[in-house]
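Peer 1: Sharing a structure, written as structure tokens. Questions coming.
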Amino acid sequence: MRNLAVEHRRWKKPPAIKRAWLRWTLIVGAAVYLSLALGTTHVNWARVWEGLPRGIQFITAFLPPDFTSRWTEIVEGIAETLWMTVAATVVGIALSVPVGIGAARNIAPLPVYYFCRSILAVSRSFQEIILAIFFVKLFGFGPFAGFVTLSFATIGFYGKLLAEDIEDMDVSQAEAVRATGAGWLQWLNYGVQPQVMPRMIGLGLYRLDINFRESAVVGIVGGGGIGATLNTSFDRYEFDSAAAIILIIIAIVMAVEYSSGYLRRWVQ
Amino acid sequence: MLRIKGLTKRYRTGDLALKSIDIDVPDGQVMALIGPSGAGKSTVIRCINRLVEPTAGTITLNDTEIVGLSSGNLRRMRRRMGMIFQEYALVERLSVMENVLSGRLGYVGFWQSWARKFPQSDIDEAFRLLARVGLDHMADKRADELSGGQRQRVGICRALIQNPELLLVDEPTASLDPKTSRQIMRLIKELCGERKLAAIINIHDVMLAQMFAERIVGLKLGEIVYDGPPDKLTPAVLTQIYGEEDWASTIRKADDDAEPVDDIAPVMPSIERDRLAGLT
């Protein structure tokens with residue numbers, strides 16, 4: 001009884017990095033680096049002050065948004081972008097299914113696995129803009145370059161997530177289907193596909209959403225679509241038309257995002 | 001009928017799971033394989049349908065050698081062996097009917113199975129089996145909506161629709177409550193009796209093994225230490241299989257419980273069937 005009352009064992013949450021010298025070196029190092037980095041960024045406050053009214057002027061140039069004078073170009077751009085988005089998503093997913101299956105370590109033989117993983121690695125290591133610049137050089141300006149860019153990017157995204165989902169599947173369910181004497185394709189269809197399908201439908205819709213947003217960006221570097229229209233209007237200093245385009249993009253992104261979110265909830 | 005000779009399995013980790021096992025299972029015999037975890041029970045039955053590759057030994061089912069079959073022949077061989085799994089191993093997002101019909105995959109082509117266009121005879125048989133286990137009204141439910149006992153009944157249907165020559169049963173009651181465990185074991189035994197089907201049942205529960213099997217094989221560290229009828233399973237034998245423990249009560253209890261045969265009658269009134277299905 002007396003012992004219980006007297007003995008207070010002290011407890012403190014153990015630090016994430018156990019070695020004290022390493023912990024303090026990292027903390028001090030980070031602080032020094034941050035202050036040096038801020039020191040080398042020269043901000044000329046006088047120029048910032050001067051620039052403010054010009055910024056306001058720039059922003060007011062966007063108002064009011066002008067939907068009418070470039071309406072036909074806008075409609076064409078939107079149609080192109082939507083075509084690019086849907087086609088790239090469908091083709092990209094169709095191509096990524098075999099790649100993704102091949103990149104799942106638990107079902108693919110080692111050479112196939114390495115081959116498919118390297119396709120995914122190449123596809124994922126380049127940002128869409130860089131791919132778009134490359135494909136625009138390859139195929140010339142226009143929506144086809146954008147379509148190829150987005151398809152290729154979709155393979156990396158969708159294939160990797162599919163492979164990971166297959167690797168996480170419940171082995172016993174697949175094993176039970178194998179034990180019935182099913183062929184390999186039947187085994188995929190009955191033992192694997194049902195396990196990954198709901199998530200893959202959700203990710204497909206999510207990718208559609210991403211592809212729409214990316215297609216606007218890809219257009220700016222020559223990939224066609226609404227991005228190209230937007231870029232042209234900036235180049236011509238038609239900021240009011242640009243504002244109209246931006247508003248339309250925002251509206252479509254919100255519509256796509258809302259509907260894909262709704263569909264994904266419905267699927268799951 | 002099934003003849004296992006010198007079956008040895010060494011896993012890649014170096015563990016010797018089975019040390020030259022010999023078992024003969026005659027036609028229509030329900031055999032229980034008991035033993036502590038890690039004794040190699042699962043490995044034995046997984047070697048028989050080659051979900052696990054044996055390291056050495058031969059396994060013949062009705063004069064067909066199983067070890068060394070090419071992949072096409074192995075698939076045809078697997079059609080002849082139904083397997084019932086621990087934790088049911090139903091494909092959870094497929095319907096009950098699809099799960100049962102997946103037992104016919106070895107007999108139909110890919111496109112046929114992909115379109116879910118199974119021959120009418122398979123569908124008839126599936127409904128007949130589901131009715132037999134009291135689940136025919138649940139055919140279009142998703143497998144993950146079912147209770148444990150119901151899922152295992154679907155698992156039994158999936159194995160039986162293969163029209164197998166041998167039933168491999170891996171811990172069928174591991175995640176079921178005691179009452180459901182007995183119902184499932186009784187069902188397996190009755191179905192084996194109806195079809196003159198031989199079965200190898202891996203089971204932890206010594207009492208259930210004694211109640212429902214004609215023959216018991218005790219496995220310990222990859223070796224057979226007992227092979228005989230259930231009533232010769234003495235405390236001394238159990239000590240040999242599992243180690244020192246008070247076994248007297250386990251054995252006596254099994255005798256007391258062996259009697260009641262009330263649960264699954266061959267022709268079930270509808271209330272009985274609903275109860276089986278877990279509705280009441």
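The values are calculated or read from the model by the stated rules, or taken from the named source; none is laboratory data. This structure is a prediction, so every number in the text was calculated from the model and none was measured. FYI the Cβ positions are ideal-geometry reconstructions off the backbone, even for glycines, and counts take in every protein chain you see.
Peer 1: Applying the selection to region A:258-268, what residues are under 25 Å from A:GLN127 (Cα atoms) and buried (at least 17 other Cβ atoms within 10 Å of the Cβ)?
Peer 2: Listed by number, the list holds a single entry, A:SER260.
Peer 1: Just to verify a result, which residue in region A:127-168, among those that are without any contact (Cβ under 8 Å) to a residue 60 or more places away in the chain and not in a helix (DSSP H, G or I), is nearest to the other protein chains (Cβ to nearest Cβ)?
Peer 2: Ranking the candidates gives A:ASP168 first.
Peer 1: Evaluate the following for A:ALA216: is it within 30 Å of B:ARG46 (Cα to Cα) and touching a residue at least 40 places away in the same chain (Cβ under 8 Å)?
Peer 2: Numbers: within 30 Å of B:ARG46 (Cα to Cα): no; touching a residue at least 40 places away in the same chain (Cβ under 8 Å): yes.
Here the answer is no, as A:ALA216 does not meet what is asked.
Peer 1: If you don't mind, another one. Which one of B:ASP136, B:ASP205 is away from every other protein chain (no Cβ under 14 Å), surrounded by fewer than 19 Cβ atoms within 10 Å (Cβ to Cβ) and modelled with pLDDT under 90?
Peer 2: Answer to the selection: B:ASP136.
Peer 1: A further question on this structure: So, in region A:174-193, how many residues would count as being among the polar types (S, T, N, Q) and more than 7 Å from chain B (Cβ to nearest Cβ)?
Peer 2: As a first pass, look at region A:174-193 and keep what is among the polar types (S, T, N, Q): A:180, A:186, A:189, A:193.
After this cut, where a residue has to be more than 7 Å from chain B (Cβ to nearest Cβ) as well, the list is A:193.
Selection size over region A:174-193: 1.
Peer 1: If you don't mind, another one. For region A:82-126, which residues satisfy the criterion of being of a type in the set (Gly, Ala, Ser) and part of a helix (DSSP H, G or I)?
Peer 2: Going through region A:82-126, the residues of a type in the set (Gly, Ala, Ser) turn out to be A:87-88, A:92, A:94, A:96, A:100, A:102-104, A:108, A:118, A:121, A:123, A:125.
Within region A:82-126, A:ALA87, A:ALA88, A:GLY92, A:ALA94, A:SER96, A:GLY100, A:GLY102, A:SER118, A:ALA121, A:SER123, A:SER125 qualify.
Peer 1: Further question: Give me a count of the residues in region B:46-93 that are assigned to a loop (DSSP other than H, G, I, E, B), crowded, with 20+ Cβ neighbours inside 10 Å and more than 14 Å from chain A (Cβ to nearest Cβ).
Peer 2: Here the count works out to 1.
Peer 1: Tell me, yes or no, whether region A:52-72 has at least one residue that is of a type in the set (Val, Ile, Thr), within 30 Å of A:VAL148 (Cα to Cα) and surrounded by 13 or more Cβ atoms within 10 Å (Cβ to Cβ). Walk me through it before giving the result.
Peer 2: Kept after step one, since they are of a type in the set (Val, Ile, Thr), are these residues of region A:52-72: A:56, A:59-60, A:68, A:72.
Those still in the list that are within 30 Å of A:VAL148 (Cα to Cα) too: A:72.
Those still in the list that are surrounded by 13 or more Cβ atoms within 10 Å (Cβ to Cβ) too: none.
No, because not a single residue in region A:52-72 is of a type in the set (Val, Ile, Thr), within 30 Å of A:VAL148 (Cα to Cα) and surrounded by 13 or more Cβ atoms within 10 Å (Cβ to Cβ).
Peer 1: Conditions: (1) touching a helix residue (DSSP H, G or I) at 6+ places or on another chain (Cβ under 7 Å); (2) within 14 Å of another protein chain (Cβ to nearest Cβ); (3) surrounded by fewer than 17 Cβ atoms within 10 Å (Cβ to Cβ). B:ASP144 meets all but one. Number of the miss?
Peer 2: If we test B:ASP144 against (1) touching a helix residue (DSSP H, G or I) at 6+ places or on another chain (Cβ under 7 Å); (2) within 14 Å of another protein chain (Cβ to nearest Cβ); (3) surrounded by fewer than 17 Cβ atoms within 10 Å (Cβ to Cβ), just (1) comes out false.
Peer 1: Right, another one. Consider A:THR68 carefully, then state whether it is assigned to a helix (DSSP H, G or I), under 34 Å from the mean Cα position of the chain (by Cα) and within 18 Å of A:ARG236 (Cβ to Cβ). Before you say what the answer is, go through the steps one by one.
Peer 2: Values: assigned to a helix (DSSP H, G or I): no; under 34 Å from the mean Cα position of the chain (by Cα): yes; within 18 Å of A:ARG236 (Cβ to Cβ): yes.
Judged against the criteria, A:THR68 is not a match.
Peer 1: Quick one: in region A:110-135, of everything that is under 18 Å from A:ARG207 (Cα atoms) and of a type in the set (D, E, K, R), which residue is surrounded by the fewest Cβ atoms within 10 Å (Cβ to Cβ)?
Peer 2: A:ARG124
Peer 1: Further, regarding this structure: When you go through (1) touching a residue at least 60 places away in the same chain (Cβ under 8 Å); (2) small (Gly, Ala, Ser); (3) exposed (fewer than 15 other Cβ atoms within 10 Å of the Cβ) one by one for B:SER121, which number turns out not to apply?
Peer 2: That leaves (1) as the condition not met.
Peer 1: With the requirement that a residue be in a loop (DSSP other than H, G, I, E, B) and of a type in the set (D, E, K, R), what does region A:15-65 give you? Outline the logic, then answer.
Peer 2: To start, the set of residues in region A:15-65 that are in a loop (DSSP other than H, G, I, E, B) comprises A:15-19, A:41-44, A:62-65.
Of everything in region A:15-65, those that are in a loop (DSSP other than H, G, I, E, B) and of a type in the set (D, E, K, R) turn out to be A:LYS18, A:ARG19.
Peer 1: Please go through (1) over 30 Å from B:GLU165 (Cα atoms); (2) of a type in the set (A, V, I, L, M, F, W, C); (3) crowded, with 22+ Cβ neighbours inside 10 Å; (4) within 14 Å of another protein chain (Cβ to nearest Cβ) for A:PHE212 and return the number of the only condition it doesn't satisfy.
Peer 2: Only one criterion is unmet by A:PHE212, namely (4).
Peer 1: Could you say which residue among A:VAL171, A:VAL221 is more than 14 Å from chain B (Cβ to nearest Cβ) and surrounded by fewer than 24 Cβ atoms within 10 Å (Cβ to Cβ)? So that I can check it myself, show each step before the final result.
Peer 2: Working: A:VAL171 fails: more than 14 Å from chain B (Cβ to nearest Cβ).
Of the residues listed, the single one that is more than 14 Å from chain B (Cβ to nearest Cβ) and surrounded by fewer than 24 Cβ atoms within 10 Å (Cβ to Cβ) is A:VAL221.
Peer 1: Hey, can you tell me all the residues within region B:175-202 that are under 26 Å from B:LEU105 (Cβ atoms) and either buried (at least 24 other Cβ atoms within 10 Å of the Cβ) or within 12 Å of the chain's Cα centre (by Cα) (or both)?
Peer 2: B:ILE184, B:LEU187, B:ILE188, B:LEU191, B:CYS192, B:LEU197, B:ALA198, B:ALA199, B:ILE200, B:ILE201, B:ASN202 - these are the residues of region B:175-202 that are under 26 Å from B:LEU105 (Cβ atoms) and either buried (at least 24 other Cβ atoms within 10 Å of the Cβ) or within 12 Å of the chain's Cα centre (by Cα) (or both).
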